[in-house]
Each structure stands twice: as structure tokens, then as C-alpha cells.
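**Student:** Below is a structure I'd like to ask you about.
The values are calculated or read from the model by the stated rules, or taken from the named source; none is laboratory data. Everything numeric here is computed off the predicted structure, so don't read it as measured data. Here the Cβ positions follow ideal geometry from the backbone for every residue, glycine too, while neighbour counts run over all protein chains shown. SASA here: full protein model, heavy atoms, side chains in, ligands and nucleic acids out. Shrake-Rupley method; radii C 1.70, N 1.55, O 1.52, S 1.80 Å.
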Amino acid sequence: MMKKMKLTLAGLLVLVTGIIYGQTTITLYPDQAETKISKEIYGHFAEHLGRCIYGGIFVGEDSDIPNTRGFRDDVTGALIDMKIPLLRWPGGCFADTYNWKDGIGPRQERPSMVNVHWGGVTEDNSFGTHEFLDFCELINAEPYINVNVGSGTVREASEWIEYVTSSNISPMTDLRKKNGREEPWDVKYWGIGNENWGCGGEMTPEYYSDVYRNYASYARGARYKIACGASDSDYNWTDVLMKKMQGKRNIMQGLSLHYYTITHNWQKKGSATDFDENEWFTTLNKTLFMDELIQKHSTIMDKYDPEKRIGLIVDEWGNWFDVEPGTNPGFLYQQNTLRDALVAGINLNIFNNHADRVKMSNIAQTINVLQSVILTKDDEMVLTPTYYVFKMYSVHQEATMLPATVKTGEYKMDRRSVPTVNASASTKDGVVSVTICNLNPNESESVEITIPGSDFSEASGQIISAQKMNAYNDFGKEELVSMKEFAVAKPKNGKLTLELPSKSVVLVQLK
Ligand code: AHR
């Protein structure tokens, strides 16, 4: 006799979706692993904005703050430790007002200018091309220089590239040698303008495409040229740029995309530290939009570039909140909480999973501006929750991405919901690294990791989490958010099961 079975609603959902709520399964497919995760996906951005360069990176040789040739020793050490692979400079909006020749030669002779975009403060040009490239050498990071298209000229840009990269004899290389640098620098990445649809000249995509072609054709020596790309979901911008570069094989190697997570709106962006669960949810939900943006921009790029020769360069991303009360509104200084760690973890997982098209990304901005990895106050330094995410995820740099399916439940808020777990994986030197974010701030999640056909037997873990979702690290106080050991059980039969704490970013390594 057939037994009558009671089918509950939860049971029905399991049958239909294969998902047990509160339980996530992550399946990895090593046989499909073929795409390398460029280390440049872990890139950073430093603009002449607020206290990012001055005070954050550069304090000058005469400062009481311990430094090497003017660069803060504490910051230099922390960036090396984090394995920073690449740094974009000098902007941002600042780039399209910058005359590079004002920033070379003896410092006392360099002219000052007004930083019109960022607080109208005086920029004394004491940090220029030589300082930037010297700093990159110090921290072992690839430099990425953004030339001025909005208010500059083709000649100025081509001379800058020649000054930096040429080993030939010319007025520009003579000038470089006179300024103390005999050999050229190896600078691969050059951005041709920034946000030229906005602060970089208010151009249309059609007009910018023509201007870009003009600049790019004189950018000899620039091996990897990056065109200004779209803001958010401006898919028309991507379509026009890709169309206008067709048939020109060497003209564009990268196309950028800027997307910031704005919790509320541009007028009232919300506090970086004082928020409720609704804002937590909204921030993470808006961060997940990055995945849709990349998919849709990539689909347009695929139409013109099916071989994926052109990289999608997400050269500005991160949380943008209201400035810290009492600070200069033009300096964009904000604190950084566990919520920022989740935002960084989710974005970096998304970039890893799209590593076939996303070849670089640059969080905005390295120090003291927007979603920073480091904050400084005089001679003090704080490592933010975002810093620890970059440090944790550095295992993915130059590793092979492992395609994954993540079956997970939903974290719900009012009528909205997001997937509870977000993850990515890679493999290098026989070690599999899985980075996992639990978006739910209240509930832990059971996670099972399976790699069909593999028999890993050892596992280790690291975790970034805290008691409160708005925990942050502050000057002179105990560090509340950092990276800690995370105990995981021994894998059994090629499976690892773990309990992922609420509001956490976790790295699991298997071998
Ligand atoms: O990162 C701050 C600013 O945001 C950049 O200067 C600009 O490119 C963007 O609008």
C-alpha cells in the first residue's frame, strides 16, 4: 500500500528548486577551468582628492612621520602586505584638469594650481610623475596613468607617454633625464580621459569616440589604451564606442565602466556608520547590480569583439556615503564598516566570475577617500575592513577561475530578496580557494562545497566578521574588524561542510 505523504510548502520548494533553506551548496568544476583571474582585478585608484595623495601616501621628506623619500612607511608596508598589484593615478575628474608638466622638475619650482573639482584647494604639484612612478616601484604595483582629454591636448598626452616610456633621443626623453631618470619606466596601462560624458568634458559618445581615436593614434608607447566607458547602465555609450572602434585593431585594449554603490541617492547618500538593517540590505542589493551591469555591457562588447580581446575595466567602484560629519565635503572622507567588507567581497567575487571579460578593476579610493583600504590621521594609520578583504582575496590573483554553481536561499527584506550567499573560486599550485559572503546579518548558513572528481582531504579557513554590522576600526581604539583563523572540519568523501557565520566574508582553502 502506498504511504500517504504530507507535502509541506517548504518541502515543495525543495523539490522544485533543489534548495534547502538555510543550506547552500557550492559545486566547483575544475574540468571547465580555463580563465586566468588577472591580478589587475585587485587594482586601486589614487586621485589628487582630499587626503588620498597628500597626507595619505606622501608627506614629504621633511615630515616627522617616518617616510622613505616622502612616502609614508606605514602605508607603504601595509599596501605591500595587502599585495596591491596596480595603482591608477592622477584621477578621476582631477585627471582632466591636470597638466603633467607642472608636476616635474625641482619641487620648489613647480607651479601651484586650483583643484577645482575637490574643494578648490591649492595643489602644489609636489607629487607628480616621478613621485607616482617611484611610489609604484616601492610598493611593487603596476602603474596606470590617466591622461587629460577634457582640457588637455593630443600633443600634451603624447609627450607625456613619450617622456615616461621612450628610450629614444627626443626633447621629452632629454627632459626626463635632466630630471634625474635615465631609463624609461615600463608603464603599460594608459587611460585616455576620465568620465568624458561628465566631469571630463560633457561629451556625447559619438564625439568622444572621434576624440579618442585622435588621442590613441598619437599615443605611441602606450601598450594598453583604455577608453572612457559608461557610467552605470548607459549601454548606448558602450555600443557607440565599440562600433566606432571596429576595424581598428590596435586602437583600444580596454573600455572602462564606473559604478558606485549609492545606498539612497546622490543628494542624501546615507551615513557610512550609522545605518539600520534596511540600509544594510539596500547597500548589498545595489552592489549585486554590478553583476547585471557586467553581463549587459559584456553582451554588447561580445557583438563587436567575440574573441574578447578588449577588456572591461571597472576602474571606479565602491561605496559612496555622506562624508564623515565635520570633514570637508569636497574631500569625500568616510569611515568603513563590516558592510563595506561585504560590498568589497561581493564585487570581487563578481569580477572573478567574469574574469573572461573583466581584466582590471580599481576600488575608489586607496586612502582617506570613499571606500578606502587605509585611513590616516597625522601619524596614525587604520586598516579598514575593506583592507582585510583585499588581503584575503589576494589568493585569487593570477589563479585560474573555477566555474561554480551556488544553490542558495534568499535573504529577505520587506518584499525584496537577495541570494543569501555569494561566492567565487579559483585554483593555483594545487590549492583551491573559495571566497564566500553571507549577506544575512542575522542567520548563519550551512554550506557544502563539492568538487566532483576530486578527493581533497585538507581544508583551512579565514574569516572577516564582527558582532555588529556597523563595526569599524578607529584611531587609538581596539581593532574590531580584521581577518582571523576560521576553523573548518576535515573534508569527507570530497565534500566540505561548514557553518558560515552571519554577516561574514570567508576564505576556504582546500587541497
Ligand atoms: O572617485 C571620485 C570621483 O568619482 C572621480 O574623480 C570621478 O571619476 C567619479 O565621478
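**Student:** With the requirement that a residue be over 21 Å from THR204 (Cα atoms) and surrounded by fewer than 18 Cβ atoms within 10 Å (Cβ to Cβ), what does segment 222-246 give you?
**Tutor:** Residue satisfying the conditions is ARG223 alone.
**Student:** Return yes or no: is THR273 at pLDDT 95 or above, of a type in the set (Val, Ile, Thr) and more than 16 Å from the ligand (Cβ to nearest atom)?
**Tutor:** So THR273 fits the description; yes.
**Student:** Would you be able to say whether some residue in segment 357-380 is closer than 30 Å to HIS117 by Cβ, assigned to a strand (DSSP E or B), within 16 Å of the ligand (Cβ to nearest atom) and hydroxyl-bearing (Ser, Thr, Tyr)?
**Tutor:** Yes: one or more hits.
**Student:** Here's a check for you: in segment 381-408, which residue that is in a strand (DSSP E or B) and more than 19 Å from GLU324 (Cβ to Cβ) is least open to solvent (accessible area, probe 1.4 Å)?
**Tutor:** Going through the qualifying residues, I end up with MET401.
**Student:** Can you tell me which of (1) away from the ligand (no atom under 16 Å from the Cβ); (2) under 20 Å from TRP280 (Cβ atoms) is the one GLU398 doesn't meet?
**Tutor:** (2)
**Student:** Can you tell me which residue among ASN236, ASN214, ASN250 is under 21 Å from SER38 (Cα atoms) and either at pLDDT below 95 or part of a helix (DSSP H, G or I) (or both)?
**Tutor:** Unique residue meeting the criteria: ASN250.
Condition check ((1) in contact with a Pro (Cβ under 9 Å, 6 or more places away or on another chain); (2) within 23 Å of TRP160 (Cα to Cα)) across all residues:
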{"residue": "GLU47", "(1), (2)": "yes, yes"}
{"residue": "ARG51", "(1), (2)": "no, no"}
{"residue": "ARG72", "(1), (2)": "yes, no"}
{"residue": "ALA78", "(1), (2)": "no, no"}
{"residue": "LEU87", "(1), (2)": "yes, yes"}
{"residue": "PRO90", "(1), (2)": "no, yes"}
{"residue": "GLY105", "(1), (2)": "no, yes"}
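**Student:** Continuing with the same structure: Is it the case, given these coordinates, that VAL418 is among the hydrophobic types (A, V, I, L, M, F, W, C), open to solvent by 20 Å² or more (accessible area, probe 1.4 Å) and in a strand (DSSP E or B)?
**Tutor:** Criteria not met by VAL418.
**Student:** Cβ-Cβ under 6 Å, sequence separation 6+ or interchain: first residue in segment 189-207 and farther than 20 Å from ILE310 by Cβ and in the same structural domain as TRP160 (by TED's automatic domain parsing), partner hydrophobic (A, V, I, L, M, F, W, C) and within 12 Å of the ligand (Cβ to nearest atom). Which pairs?
**Tutor:** From residues that are farther than 20 Å from ILE310 by Cβ and in the same structural domain as TRP160 (by TED's automatic domain parsing), the pairs are CYS199/CYS93.
**Student:** For segment 102-109, check the following and say yes or no: at least one residue is within 16 Å of the ligand (Cβ to nearest atom), over 19 Å from ARG223 (Cα atoms) and open to solvent by 10 Å² or more (accessible area, probe 1.4 Å).
**Tutor:** No, there is no match, as no residue in segment 102-109 is within 16 Å of the ligand (Cβ to nearest atom), over 19 Å from ARG223 (Cα atoms) and open to solvent by 10 Å² or more (accessible area, probe 1.4 Å).
**Student:** Using the structure shown, decide if SER233 is touching a His at 6+ places or on another chain (Cβ under 9 Å), assigned by TED's automatic domain parsing to the domain that holds ALA46 and within 16 Å of the ligand (Cβ to nearest atom).
**Tutor:** So SER233 fits the description; yes.
For (1) farther than 24 Å from ASN440 by Cβ; (2) outside any strand (DSSP E or B); (3) open to solvent by less than 50 Å² (accessible area, probe 1.4 Å); (4) in the same structural domain as ALA230 (by TED's automatic domain parsing), each residue gets a yes or a no:
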residue	(1), (2), (3), (4)
HIS258	yes, no, yes, yes
THR263	no, yes, yes, yes
GLY270	no, yes, yes, yes
TRP280	no, yes, yes, yes
THR283	no, yes, yes, yes
PHE289	no, yes, no, yes
GLU292	no, yes, no, yes
ILE300	yes, yes, yes, yes
